[in-house]
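I have placed the structure first, in the form of structure tokens, so that the comments after it can refer back to it.
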Amino acid sequence: MKTIAIVGSPRKEGNCDILVNELVEKLEGDKKIYYLDELDMNYCEACQKCQTGPCVQNDDLNKVVTEMMEADLFIFSSPIYYGQMTAQAKTLIDRFYQVSQNPDKSLEGTKVVQIYTQANPTEAFDGYIESMKNMPFGYMGMEVIDTVVARGAMGKGENDQLASAIEEIEKIGNDLL
Ligand SMILES: Cc1cc2nc3c(=O)[nH]c(=O)nc-3n(C[C@H](O)[C@H](O)[C@H](O)COP(=O)(O)O)c2cc1C
């Protein structure tokens, strides 16, 4: 199994980082974690050139998207920022355009585990998180097989708050073996 994981938080050793590593460590096969904030990332310019050729951006996100097309599993993680994913995570998602616009490219059938972290202890953002299953992932033909939300986690590695998320991740990891 080939797994590509992304940490959509700018915080190294933060909550997304902890949870993503927890899951990736459990998995077998070829696996790689990308820390988006450390990458050379450009925005989709909507130039439409990807309809007939490669994406015009010459940056690390092209590498991530290309590797995602060969992966069986995509682990997406982001803290909730103002009720949504981070700008880093959204920049990657917008670069899926080179796949959806080009009939020679596909992310169809890729399984997705999504992981979110948030300070708010309630289910306030669950509607948004649920909507991600359809857009962007379902739209791309990807299948969200599991979603983990660590609520009430503000500081880095607040393990009490992360504990139930880690338990869920252990179960997901076992199911994927
Ligand atoms: C710019 C910014 C915006 C945030 N907005 C929210 C928010 O809308 N709701 C929330 O519950 N937490 C919000 N938070 C808190 C983070 O989601 C929370 O600390 C999360 O656990 C961070 O994950 P990380 O350690 O992986 O970076 C925000 C944090 C920052 C820096």
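We did not get these values from a lab; they are worked out from the coordinates using the rules stated. What you see is a predicted model, and the numbers here were worked out from it, not measured in a lab. For neighbour counting, all protein chains shown are included, and Cβ atoms are generated from backbone atoms with ideal geometry for every residue, glycine included.
Exactly one residue among 122, 117 is surrounded by fewer than 20 Cβ atoms within 10 Å (Cβ to Cβ) and on the phi < 0 side of the Ramachandran plot, and that residue is 122. Could you check, for the stretch 104-118, whether at least one of its residues is without any contact (Cβ under 8 Å) to a residue 60 or more places away in the chain and assigned to a helix (DSSP H, G or I)? No; the residues of the stretch 104-118 include none that is without any contact (Cβ under 8 Å) to a residue 60 or more places away in the chain and assigned to a helix (DSSP H, G or I).
Filtering 177, 92 for residues that are within 16 Å of the ligand (Cβ to nearest atom) and either under 17 Å from the mean Cα position of the chain (by Cα) or surrounded by fewer than 19 Cβ atoms within 10 Å (Cβ to Cβ) (or both) leaves a single hit, 92. Scanning the stretch 125-137 for residues that are surrounded by fewer than 16 Cβ atoms within 10 Å (Cβ to Cβ) and either within 13 Å of the ligand (Cβ to nearest atom) or in a loop (DSSP other than H, G, I, E, B) (or both) returns 126, 128.
Of the residues making up the stretch 138-160, those that are in contact with a strand residue (DSSP E or B) (Cβ under 6 Å, 6 or more places away or on another chain), outside any loop (DSSP other than H, G, I, E, B) and within 16 Å of the ligand (Cβ to nearest atom) are 147, 148, 149, 150.
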